[in-house]
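> Right, I'll just put the structure down here and ask away after.
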Amino acid sequence: MSNEIWVLAEHREGKVKKIAFELLSAGIEFSKKTGQEVAALLLGSGLEEAAKSLTPFADKIYVMDAPSFTPYTSDAYLASIASLIKEHQPSILLGGATSTGKDLFPRLAMHLQTGYAPDCTGLTMGEDGKLIARRPLFGGKVFAEMAFSEARPRMATVRNNAFLVNESPGKSAKIVPVSSQIDPSLLKKKVTGFEKAAGAKLDITEADIVVAAGRGIKAPENFKMIEDLAEVLNGSVGTTRATVDEGWRDLKDQIGKSGKNISAKLYMAFGISGAIHHILGIGTCKTVVAVDTDPNALIFNYSDYGIAGDLFQIVPALTEELKKVFSTE
Amino acid sequence: MEIYVFVKQVPDPEAIVKVKSDSELEIENKYFTSFFDEIAIEAGLKLKEKTGGKVTVLTVDNRRVDALRRGISMGADDAVQIADPALEGADQFALARTLSTYLKDKPFDLILTGRQAMDDDAGIVGPAVAECLGIPHIHSIIGLEVDDQKKEAKVLREVENGKESLTCPLPALFTCQKGLNAPRIPLVMNVMKAMKAQIKKVDLASLGLSLSDVSPYIKIEKYVPPPKRPPVKMIKEDFPENVKTLVKLLREEAKVI
């Protein structure tokens with residue numbers, strides 16, 4: 001039994017996602033208490049760059065290089081990861097609460113007959129090696145601290161920005177190549193196409209800065225000023241259910257109960273009154289800024305900074321002010 | 001096609017939910033059928049209307065069958081409630097084992113459910129049932145076409161940087177996401193009828209399951225209130241000073257830009 005802490009390191013176009021570094025950093029902290037080794041799991045092909053970026057963050061990198069891992073399907077991933085887990089018996093397996101994590105982890109946990117805590121906002125490790133996962137319920141109205149049965153590995157998917165990336169992780173990982181022969185009969189699903197979302201922006205669940213507008217923006221074309229502000233901040237643009245239902249914005253950018261939960265470092269809401277559906281989607285953002293003409297808008301109850309004012313005046317001025325400030329750096 | 005849809009009655013997003021003690025919540029009595037499950041029901045009904053067959057709604061709940069009645073009022077043919085005192089406080093894996101045991105001898109082409117129930121927000125039951133039944137699953141679909149002859153589904157799924165199309169042999173399980181369809185509003189007449197519809201009740205013993213088959217893998221140790229934000233700081237200066245102050249606060253106090 002290896003007793004290792006494993007992190008599934010997702011990557012896109014050769015670049016490892018930030019959440020993987022956050023989780024490995026958490027693993028490094030845990031290992032200071034427990035003495036466990038920290039390992040990254042890397043599946044795909046042409047993984048040299050990805051492996052290199054992970055080297056300071058882990059004691060080991062298990063590399064499974066096979067064409068059937070790209071694009072992701074749970075068929076190929078599950079079979080390969082499950083057999084590696086059975087061989088090494090790690091004590092913990094973590095991943096991002098991403099479309100891949102949410103597709104793969106529940107099924108993998110059932111397959112391994114072990115516990116899995118989804119979409120966590122925090123993990124703590126006791127001196128005794130007991131893992132506690134904290135996760136929102138009812139859209140974030142309450143939280144639960146989850147404990148796991150004795151089965152291994154204890155599994156969790158975690159939202160972005162629950163942990164900081166360690167600036168000096170100080171590891172030098174050993175690469176462990178893993179041959180992965182996948183029985184082709186297991187590959188039932190086939191990815192036949194991919195339509196890339198317009199713009200090069202990160203998804204709102206992945207972005208550190210999200211700028212959003214709601215019905216207060218009055219017309220779909222007015223989102224241009226929100227996009228300009230996001231551009232200056234290198235952020236992504238989100239929105240509310242109302243504008244999506246109006247057909248102004250794409251569903252993928254909807255924040256809230258029937259859309260996405262975001263966990264940005266900075267969230268800025270313009271002309272968003274703060275319906276509970278929306279508030280539930282921003283509960284784990286670090287800093288929240290709200291601008292709305294109504295000084296009694298509910299959104300202010302859930303914000304760190306507020307301006308009761310006109311977004312049509314404030315957004316362009318804010319964009320210009322930021323440009324000015326950033327250009328003097 | 002034989003289609004099964006897992007549904008759940010959950011607190012409405014407007015309902016007040018508070019921590020009462022470490023082990024207990026106070027939940028306002030305002031319930032609705034989990035929105036994503038309604039999308040799953042709608043998807044099942046649309047397929048039935050095209051290819052014929054039957055839609056059965058299923059829930060595991062000791063108390064509430066309203067989601068089943070919602071399903072019937074929308075047009076589902078059959079409703080099954082799995083209930084047992086042993087399932088009180090069961091985890092999602094236990095529910096998945098229970099549901100898959102019920103289904104394993106049934107002829108089914110497709111199982112649908114919401115991408116997650118809007119109470120525990122876990123999204124475990126669907127994929128876990130697929131694993132128990134040994135059928136493929138796809139999480140969070142926003143497009144679905146079925147070729148009944150070829151027993152194959154064409155599916156569109158949302159991922160972080162775009163939309164992915166997949167083909168998947170049937171039988172399969174898909175979890176449904178907003179965007180797949182707009183659930184129909186049932187006619188009042190059908191709502192009345194659904195109130196009187198027969199609901200088949202199944203317990204663990206009739207499935208050949210015992211207490212040890214539903215032992216949990218995960219357990220809630222403690223409920224905690226959500227982290228509280230400090231009171232909002234309203235920037236009360238006039239324009240454009242307020243904008244300058246905001247930028248200053250974000251840089252020097254919050255340190256996020």
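> Would you please give the residues with an amide H less than 5 Å from that of B:L170, counting only those at least 5 places away or on a separate chain, with H modeled from the backbone geometry?
Distant-sequence amide H within range of B:L170: B:E152, B:A153.
> Moving on. From the phi of every residue in the stretch A:186-191, what ³J(HN,Hα) in whole Hz does the Karplus formula 6.51 cos²θ - 1.76 cosθ + 1.60 yield, where θ is phi - 60° and glycine or proline is x?
For the stretch A:186-191, the Karplus curve yields 7, 7, 8, 8, 10, 7 Hz.
> Amide H to amide H, which residues 5 or more places from B:E160 or on other chains are under 5 Å from it, using H placed in the peptide plane?
Here the answer is A:S99, since their amide H atoms fall under 5 Å of that of B:E160.
> Turning to a different aspect of this structure: Once Rh is set to the Kirkwood radius over Cα pairs, what Stokes-Einstein translational diffusion coefficient, in µm²/s, holds for the stretch A:209-327 at a temperature of 25 °C and a viscosity of 0.890 mPa s?
On the way: Rh = 13.9 Å.
Estimated via Stokes-Einstein, D reaches 177 µm²/s.
> Enter the Cα centre distance for the pair the stretch B:181-257 and the stretch A:232-260, rounded to the nearest angstrom.
17 Å
> Using the 10 angstrom Cβ neighbour count as an exposure proxy, how do A:D128, B:D109 rank, fewest first? Display every interim value, and only then the final one.
Values: A:D128 7, B:D109 18.
In increasing order of surrounding Cβ atoms, one gets A:D128, B:D109.
> Per residue, how big is the convex hull of the protein assembly as shown when only Cα atoms are used? Give it in Å³. List each step's numbers first, then the result.
Numbers: hull volume 92.6 nm³, N = 586.
Enclosed volume per residue, from the Cα hull, is 158 Å³.
> Only loop residues by DSSP count here, and only those with at most 10 other Cβ atoms within 10 Å; note down the GluC sites (Glu not before Pro) in the stretch A:1-35 that meet that. Each step should come with its number before you reach the end.
Numbers: sites: A:E4, A:E10, A:E13, A:E22, A:E29; in loops: A:E4, A:E10, A:E13.
Passing both the DSSP loop test and the Cβ count: A:E13.
> Calculated FRET efficiency, B:S215 and A:S168, Cβ-Cβ r, R0 51 Å, to nearest 0.05? All intermediate terms of the calculation are to be shown ahead of the outcome.
Working: r = 43 Å, r/R0 = 0.85.
After rounding, the FRET efficiency stands at 0.75.
> Quote the Stokes-Einstein diffusion coefficient, in whole µm² s⁻¹, for the stretch A:5-186, based on the Kirkwood radius over alpha carbon pairs, a temperature of 10 °C and a viscosity of 1.306 mPa s.
Details: Rh = 16.3 Å.
My calculation gives 97 µm²/s for D.
> Given DSSP loops and a limit of at most 15 other Cβ atoms within 10 Å, what is the longest stretch of chain B that contains no such GluC sites (Glu not before Pro)?
Result, exposed sites excluded: B:89-236.
> Which entries in B:K163/B:K222; B:K48/B:K163; A:K252/A:K286 show an alpha-carbon gap greater than 30 Å? Each step should come with its number before you reach the end.
Details: B:K163/B:K222 38 Å; B:K48/B:K163 26 Å; A:K252/A:K286 21 Å.
Check vs 30 Å cut-off fails for B:K163/B:K222.
> Below 8 Å between Cα atoms, with a sequence gap of 6+, how large is the relative contact order for chain B in percent? Numbers along the way, then the final one.
Values: 497 pairs, mean separation 59.3, N = 257.
Here the relative contact order equals 23 percent.
> Residue-wise, which Karplus ³J(HN,Hα) couplings in Hz belong to the stretch A:91-107, taking 6.51 cos²θ - 1.76 cosθ + 1.60, θ = phi - 60°, and x for glycine or proline?
Residue by residue, the stretch A:91-107 yields 8, 9, 10, 10, x, x, 7, 10, 4, 6, x, 6, 7, 8, 4, x, 5 Hz.
> Could you put B:S215, B:S73, B:S206 in order, starting from the residue whose Cβ has the fewest other Cβ atoms within 10 Å? Display every interim value, and only then the final one.
Details: B:S215 14, B:S73 22, B:S206 11.
So the ranking, lowest neighbour count to highest, is B:S206, B:S215, B:S73.
> Suppose every Lys and Arg Cβ carries +1 and every Asp and Glu Cβ carries -1, with no other charges. What dipole size does the protein assembly as shown come out with about its Cα centre, to the nearest 20 debye?
Values: 74 positive and 78 negative charges, 104 e Å.
Charge dipole of the protein assembly as shown: 500 debye, to the nearest 20.
> A further question follows. Convert each backbone phi in the stretch A:109-114 into a coupling constant with the Karplus relation 6.51 cos²θ - 1.76 cosθ + 1.60 (shift: θ = phi - 60°), then list the ³J(HN,Hα) values in order as whole Hz, x for Gly and Pro.
With the stated coefficients, the stretch A:109-114 comes to 4, 4, 4, 8, 6, 9 Hz.
> Next question, about the same structure. Please identify every one of the GluC sites (Glu not before Pro) in the stretch A:118-157 that sits in a loop by DSSP and has no more than 11 other beta carbons within 10 Å of its own beta carbon. Working shown, then result.
Working: sites: A:E127, A:E145, A:E150; in loops: A:E127, A:E150.
Filter output for the stretch A:118-157: A:E127, A:E150.
> Still on this model: What are the principal axis extents of the Cα atoms in the stretch B:78-197, in Å, biggest first?
Largest first, the stretch B:78-197 extends 42, 36, 32 Å along its Cα principal axes.
> Here's something else I'd like to know. Would you order B:F35, A:F105, A:F270, B:F239 from fewest to most other beta-carbon atoms within 10 Å of each residue's own beta-carbon?
Values: B:F35 19, A:F105 30, A:F270 27, B:F239 13.
So the residues, fewest neighbours to most, are B:F239, B:F35, A:F270, A:F105.
> At what distance in angstrom do the alpha carbon centres of the stretch A:294-328 and the stretch B:103-153 lie from each other?
Between the Cα centres of the stretch A:294-328 and the stretch B:103-153 lies a distance of 44 Å.
> List the residues whose amide H sits under 5 Å from the amide H of A:L137, counting only those 5 or more places along or on another chain, with H placed 1.01 Å from N in the peptide plane.
Amide H neighbours of A:L137: A:V142, A:F143, A:A144.
> Hey, another quick one. Which pairs, out of A:K201/B:K50; A:K189/B:K54; A:K196/B:K219; B:K178/B:K255, put more than 27 Å between their alpha-carbon atoms? Let's see the in-between values first.
On the way: A:K201/B:K50 39 Å; A:K189/B:K54 25 Å; A:K196/B:K219 39 Å; B:K178/B:K255 35 Å.
Violating the 27 Å Cα-Cα cut-off are A:K201/B:K50; A:K196/B:K219; B:K178/B:K255.
> For q values of 0.11, 0.15 Å⁻¹, compute log₁₀ I(q)/I(0) with the Debye formula on a Cα-only model of the stretch B:2-214, without solvent.
Rounded to two decimals, the profile gives -0.51, -0.96.
Bear in mind that the values in this text are calculations on the coordinates, not laboratory data. These numbers were taken from a predicted model, which means no experiment stands behind them. Neighbour counts are summed over all protein chains in view; Cβ atoms, including those assigned to glycine, are modelled from backbone coordinates with ideal geometry.
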